[in-house]
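Participant: Supplied in C-alpha cells, the structure appears directly below.
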Amino acid sequence: MSLALYVPRDSAAVAVGADAVAQALLQEAVRRGVDVHLVRNGSRGLYWLEPLVEVQTPQGRIGYGPVNPADAASLLDAFLSDDKEGRLTAHPLCVGVVDDIPFLKQQQRLTFARVGIVDPLSLDDFLAYRGYQGLRHALTLTSEAIVAEVTESGLRGRGGAAFPAGIKWRTVLQAPGSEKYIVCNADEGDSGSFSDRMLMEGDPFTLLEGMTIAALAVGAKQGYVYVRSEYPAAEATLHQAIAIARAAGYLGADILGSGRAFDIELRRGAGAYICGEETALLESIEGRRGQVRARPPLPAVSGLFGQPTVVNNVITLATVPIVLERGARYYADFGQGRSRGTLPFQLGGNIRCGGLIELSFGPTLRTLLHNFGGGSASGRAIRAVQVGGPLGAWIPESLFDTHLDYEAFAQIGAMLGHGGVVVFDDTVDMAQRAREAMRFCAQESCGKCTPCRIGAVRGVEVLDRISGGEQREANLQLLHELCETMTHGSLCAMGGLTPSPVLSALKHFPEDFGLPASRGAA
C-alpha cells in the first residue's frame, strides 16, 4: 500500500514542529515497510491547526491537526486501516476533508487557489493546476491589450495605497526609457502580515508568472524581487523556482519560444521597515542606504537606475495571472464598488482561529473576526482591532460592521493596506498602543525629513505627558498640531500615517489616556 501524505514546509508550520512531524511519519512508515510519498506543501492558512497533516483518500484529502511527532504511530494506524471501520476519521486529531472545513469552504480563493495544495517547487504540479495559462494568453496579446485587461479588471495595488495597477503599468509603458524594470516589493514588514511569505513559500511560480506578464505589458527585460531579510525560506524557495522556470523556458532570453526576453533576480532586504516604501526600496537595490526619494518624479517615470519601473507587491503581481487566464470581467465580478476582486486577509493577535482568509471585498470586519476567527483566543470581548499594519487606524467594536472594502474603510478614517488584522481583547491599554506607534516611527524613520524624524520623538514625549496628567489640555492641542505637521509635511507614508493609530486610539478610547469620552475627538 502506498500513502500520499502532505506536511507543510511553510515557515509558520515549521516553527511549531512540522519538520519533526514529517520526519516522524517517514520513520514510522519505514519501520512498518510502508511506501510513503511525502509532499511538503505550503500551508492552507489554518494556523491554529498547524502542523496539519493531510492524507489523500478517494473522498479527498483528509486532515489531522495539530499533530505532534508522538502522534505518528496512531496516525499510521488510521491511514492503514480499512476505512469501512471508520478509523480514518475516528482519530481524535481528524478534522475531516480539508476542503470542507468551513474556514476554507467559505473563502473565495483566487490568488491563493494553489497554496497548500501543490508541491511549491513542482513545475508539473503548477502546470496541472492551470499554471502559466495566463502567460500563454499574454504572449498572444500586445502590450497595450495586456495593460487594458489589467485596468478593466479593477486590480489595485495590494500593498498600502491601493493604486490601480493598470494605470501604473500604462504610465511605465508610455514613459520613454532605454530600459524598463519590474520590481516586486516582497519586504513584508507590517505587523500581522504574512500573505506575501505564504505565497512565496507555497506557490512561487505564480509570482514569477505575474512578473513575466508585467514585463510583457511594459516592455521590461529584467525584474527584481526584493525579499525581506527575515524570510530565508521564501528566499531559498524563490531561488529554486527561478532556476526551474529558467531551465524550462519560462524565464530567460526566449520565453516559450516567443523571442521575448525576461529574467528575474533576487535582492535581499536591508532589514529596515522603511525599505518597504517603494523609493527607499529602489535606493536599497541600487546599493545605497534605504532612504525615501522626493517625488516627483514617480518611479513609473524614473525609478530603478533612473528608468521607468513598475513597483508592485507580491499579492498584486501574483493576482495578475488569473486576470489574464480568466479575463478581466471574471476577476471584476468579485468584490463591490471600486474594490474589485479579492484580498487575502491575515488574521492574527488575540484570535482563536488565526490564519489567512481570501475573500472578495464586501463582508464586514465582524464577519472576519467571528465567523472565521471564532472570537478572541482569551475568550474575552474583542475591544480593538488594527487593520493595515503598525500605521493603520485602531477600530473599536462599534465599527466592526464596516464592510471590508477600500472606500468603506476610508470613510471611517482607516485603511485596509496589506490586509493584516491584529486583534486585542478588553485588557489592552490603548494609550500604550498609541505610544508604541510613535516609538516605532522614531525607531524606523529613515531620517530624511524633519516631521517624521523629529516629530515621532516629540510625539512619544507628548503622549507620556498626556497619560501622566501633565497639562492635558495644552498637550492635547500640541499633539493634534504635531500630528497635522507629520501628516502633511512628511515625505512618505512612514511619517504621514503614524498619526492615524495615535489619533484613532485617542478618539475611540479616550478613557485610556485619562480623558473623558467627550475629549477624544478634540
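Participant: Along the positive direction of the dipole of the chain (beta-carbon charges: Lys, Arg +1; Asp, Glu -1; about the Cα centre), which of P396, W48, V118 reaches farthest?
Facilitator: Projecting each Cα onto the dipole axis, the largest value belongs to P396.
Participant: Give me the accessible area per residue for the range 270-414, probe 1.4 Å, as a whole number in Å².
Facilitator: 33 Å²
Participant: Report, in debye and to the nearest 20, how large the dipole of the chain comes out about its Cα centre when Lys and Arg carry +1 and Asp and Glu carry -1 on their Cβ.
Facilitator: Numbers: 47 positive and 56 negative charges, 190 e Å.
Dipole of the chain, to the nearest 20 debye: 920 debye.
Participant: Taking the Cα centre of the range 1-133 as origin, sum charge times position over the Cβ atoms of Lys and Arg (+1) and Asp and Glu (-1), and report the length of that vector in debye to the nearest 20.
Facilitator: Its charge dipole is roughly 280 debye.
Participant: Separate question: Might you work out the accessible area of K180 for me, using a 1.4 Å probe with all protein chains in place, and round it to the nearest 10 Å²?
Facilitator: Approximately 20 Å² for this residue.
Participant: Find out how many positive minus negative residues lie around S339, taking Lys and Arg as positive, Asp and Glu as negative, among other residues whose Cβ is under 10 Å from that of S339.
Facilitator: So the surrounding residues net to +1.
Participant: Given axes a ≥ b ≥ c from the Cα gyration tensor, I'd like to know whether the range 266-323 is rounded (a/c under 1.5), prolate (a/b larger than b/c) or oblate.
Facilitator: Taking the square roots of the gyration eigenvalues as a ≥ b ≥ c, the range 266-323 is oblate.
Participant: Taking all protein chains as present, what is the carbon and sulfur share of the accessible area of the chain, in % to the nearest whole number, probe 1.4 Å?
Facilitator: In the chain, the share of accessible area belonging to carbon and sulfur is 50 percent.
Participant: Oh, and also: Hand me the tally of lysine pairs in the chain: alpha carbons under 29 angstrom apart, and the pair either on different chains or 8 or more positions apart.
Facilitator: For the chain, qualifying lysine pairs total 6.
Participant: If you don't mind, there's one more thing I want to ask. Per residue, how much accessible area does the range 50-143 show when a 1.4 Å probe rolls over the protein heavy atoms, in square angstrom?
Facilitator: 44 Å²
Participant: While we're here: On average, how much accessible surface per residue is there in the range 443-522, in Å², for a 1.4 Å probe, leaving out ligands, DNA and RNA?
Facilitator: It amounts to 46 Å² per residue over the range 443-522.
Participant: If you don't mind, another one. To check you understand DSSP bridge types, tell me what percent of the beta bridges within the chain (both residues inside) are antiparallel, rounded to 5.
Facilitator: Among the beta bridges of the chain, antiparallel pairing accounts for roughly 55 percent.
Participant: What's the local net charge at G327, with K and R +1, D and E -1, over the other residues with C-beta under 12 Å away?
Facilitator: -2
Participant: Take the alpha carbon atoms of the range 47-73, find their center, do the same for the range 449-492, and report the distance between the two centers in whole angstrom.
Facilitator: Going from one Cα centre to the other spans 51 Å.
Participant: Right, next: Rounded, prolate or oblate: which fits the chain, taking a ≥ b ≥ c as square roots of the Cα gyration tensor eigenvalues, rounded meaning a/c under 1.5, else prolate when a/b beats b/c?
Facilitator: oblate
Participant: Follow-up. For the range 437-522, what mean projected area does the convex hull of the alpha carbons give, in nm²?
Facilitator: Answer in nm², one decimal: 4.8.
Participant: So what does log10 I(q)/I(0) come out to for the range 69-177 at q = 0.12, 0.23 Å⁻¹, using the Debye formula with one equal point on every Cα and no solvent?
Facilitator: Log10 I(q)/I(0), no solvent term: -0.71, -1.26.
Participant: In what sequence, highest mean first, do 114-123, 368-377, 242-251 appear when ranked by Cβ atoms within 10 angstrom?
Facilitator: With the highest mean Cβ count within 10 Å placed first, the list reads 114-123, 368-377, 242-251.
Participant: Net charge near G160: determine it from the other residues with C-beta under 14 Å of the C-beta of G160, scoring Lys and Arg +1 and Asp and Glu -1.
Facilitator: Details: positive: R156, R158, K168; negative: D187, E188, D190, D196, E277, E278.
Local charge sum for G160: -3.
Participant: Related question: Given the peptides 379-388, 68-77, arrange them by the average over their residues of other C-beta atoms within 10 Å, most packed first.
Facilitator: So the peptides 379-388, 68-77, ranked by packing, come out 379-388, 68-77.
Participant: Exactly which chymotrypsin sites (Phe, Trp or Tyr not before Pro) in the range 127-183 are in a DSSP loop and have at most 16 other Cβ atoms within 10 Å?
Facilitator: For chymotrypsin sites (Phe, Trp or Tyr not before Pro) across the range 127-183 that sit outside H, G, I, E and B with at most 16 neighbouring Cβ atoms in 10 Å, the list reads Y129.
Participant: Roughly how many Å is it from the Cα centre of the range 1-22 to that of the range 121-200, as a whole number?
Facilitator: First find each Cα centre; the distance between them is then 30 Å.
Participant: If you average the sequence gap of Cα pairs under 8 Å that are 6 or more apart and divide by the length of the chain, what percent do you get for the contact order? Mind showing how you got there, number by number?
Facilitator: On the way: 1106 pairs, mean separation 67.8, N = 522.
Value for the chain: 13 percent.
The values are calculated or read from the model by the stated rules, or taken from the named source; none is laboratory data. Note that the coordinates shown come from a computational prediction; the quantities given were computed from them, not determined experimentally. In this analysis, Cβ positions are derived from the backbone assuming ideal geometry, glycine residues included, and neighbour counts consider all displayed protein chains. In case anyone asks, the SASA skips ligands and DNA or RNA and just uses the protein heavy atoms, side chains included. Shrake-Rupley method; radii C 1.70, N 1.55, O 1.52, S 1.80 Å.
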